[in-house]
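S.K.: The structure follows.
Derivation of every value follows stated rules applied to the coordinates shown; laboratory data play no part. Bear in mind that the values here come from a model prediction, so they are computed numbers and not experimental data. Please note: Cβ atoms are built from the backbone with ideal geometry, for glycine as well, and neighbour counts cover all protein chains shown.
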Amino acid sequence: MRVLVTGGCGYIGTHTVLQLVTAGHDVVVVDDFSNASPAVIPRLEELADRPIPVHRFTLEDRARTDHLLATERVDAVIHFAGFKAVGESVAHPISYYRNNIGATLSLLEAMSAHDVHRLVFSSSATVYGADATPPFTEDLPTSATNPYGWTKVMIEQIMRDLAVSDPQWRIALLRYFNPVGAHPSGRIGEDPSGIPNNLLPFIAQVAVGRRDRLLIFGDDYDTVDGTGVRDFIHVDDLALGHVAALEALGHRDEAVNTWNLGTGQGTSVRQLLRAFEKACGRELPYAVAPRRPGDIATSYADPTRAHRDLRWEATRSIDDICASAWAWQSANPHGYQA
Ligand code: UFG
């Protein structure tokens, strides 16, 4: 297939582009670089061993999106592009709704106009809200606790409504748990701008000396060691889940398919810290701080449906995750910035 990857220069996008190429697909990328670096492109091309066409604009630009779909004859779209920082979404809700929903509407209109009906969407386990009991199954009701989460809930609903209106659509809603780690080459990885919101990039930046110490947000949860528990999934496993979903859509009867992409295993903040210390070969400074508002104690997937329907399963371990994240961060202490 020839696949348009929106947000294809971001963290999950780049890893997915590589797995698509490895699986024999052709890739076209669109990215506005609002949260990605153009420096990733030569690295991606070197790893893929071929040129990767990259278009630089925002999907909110309906005319350019339409032109892209008219000129690049793609068979399917994987839609990653979107803002993703929870705290920022609370501070700037309108910009989150405008960017995430506006871009998606523009993309869906252009896809309809050019007869492209196969779509994989980057959703999140955040749609399970704050009250569900893990393991999370796909048929739980959806809700959210912040504007970022609501954009995922709303976009899922928009896609379900669209599929009812036109039976040609085949859509995968992929609900990610906690994507972490990097390509084993150490050439591409997660490069958050500013202070990392997420745990693993923060730990990695402590390990290279960019941050003094990790703050553990709460050690009085009802969990194995009092710290939060999450389902950390290697980004290459996640990327392979996208390839499996994309290919499966070709023979699905259901117009909309919702799949959790997680390992089904919970790992605590302290356990992840210890695994990273093993990978980088030294102890890392940390302090315990109050709970972070909005956090839940435990989140992990029930990945049974993806195993059954996609014959996909996460295979990389927490040690693989930490080794690859350390390979990336130690070789690129300041990310893509030289
Ligand atoms: N944590 C710390 N210190 C830090 C950062 C995080 O102790 O500096 C803890 C958090 O309190 C939590 C765990 O590490 O217990 C994981 O936190 P992350 O921010 O890495 O991940 P979340 O599970 O909070 O958020 C992720 C995604 C969101 C998504 C959410 C729910 O980043 O986009 O999962 O699916 F909405």
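S.K.: Subtracting the Cα-Cα distance from 0.36 nm times the residue separation, let me have the gained length for Ala287 to His334 in nm, one decimal.
M.R.: Here the answer is 14.6 nm.
S.K.: State to the nearest 20 debye the size of the charge dipole of the chain about its Cα centre, where the only charges are +1 on K and R beta carbons and -1 on D and E beta carbons.
M.R.: 520
S.K.: How far is helix 147-165 tilted off the main Cα axis of the chain, in degrees rounded to 10, range 0 to 90?
M.R.: 30
S.K.: Return one number: the angle in degrees, 0 to 90 and rounded to the nearest 10, between the long axis of the Cα atoms of helix 102-113 and the longest principal axis of the Cα atoms of the chain.
M.R.: Relative to the chain, helix 102-113 is tipped by roughly 30 degrees.
S.K.: Sum -39500 (n - 2.57) across every DSSP H segment of at least 4 residues in the chain, then divide by the residue count to get the 222 nm mean residue ellipticity, nearest 500.
M.R.: It lands at -11500 deg cm²/dmol.
S.K.: What translational D, rounded to a whole number of µm²/s, comes out for the chain from Stokes-Einstein when the hydrodynamic radius is the Kirkwood one over Cα pairs, at 20 °C and 1.002 mPa s?
M.R.: Result for D is 106 µm²/s.
S.K.: Where does each of 130-142, 114-126, 242-254 land if you order them by average Cβ count within 10 Å, highest first?
M.R.: Top of the packing list down: 114-126, 242-254, 130-142.
S.K.: From largest to smallest, what semi-axes in whole angstrom does region 157-291 give when each is the square root of 5 times an eigenvalue of its alpha carbon gyration tensor?
M.R.: 36, 17, 13
S.K.: A follow-up question, please. Roughly how many whole Å is it from the C-alpha centroid of region 174-200 to that of region 232-281?
M.R.: Cα centroid of region 174-200 versus Cα centroid of region 232-281: 12 Å apart.
S.K.: Region 226-338: Rg/Rh from Cα coordinates, Kirkwood Rh?
M.R.: 1.05
S.K.: Helix 62-71 against the longest principal axis of the chain: what's the angle in degrees, Cα atoms only, rounded to the nearest 10?
M.R.: Once rounded, the angle reads 70 degrees.
S.K.: Full extension from Ala130 to Gln168: what is 0.36 nm times the residue separation minus their Cα-Cα distance, to one decimal in nm?
M.R.: 10.2 nm
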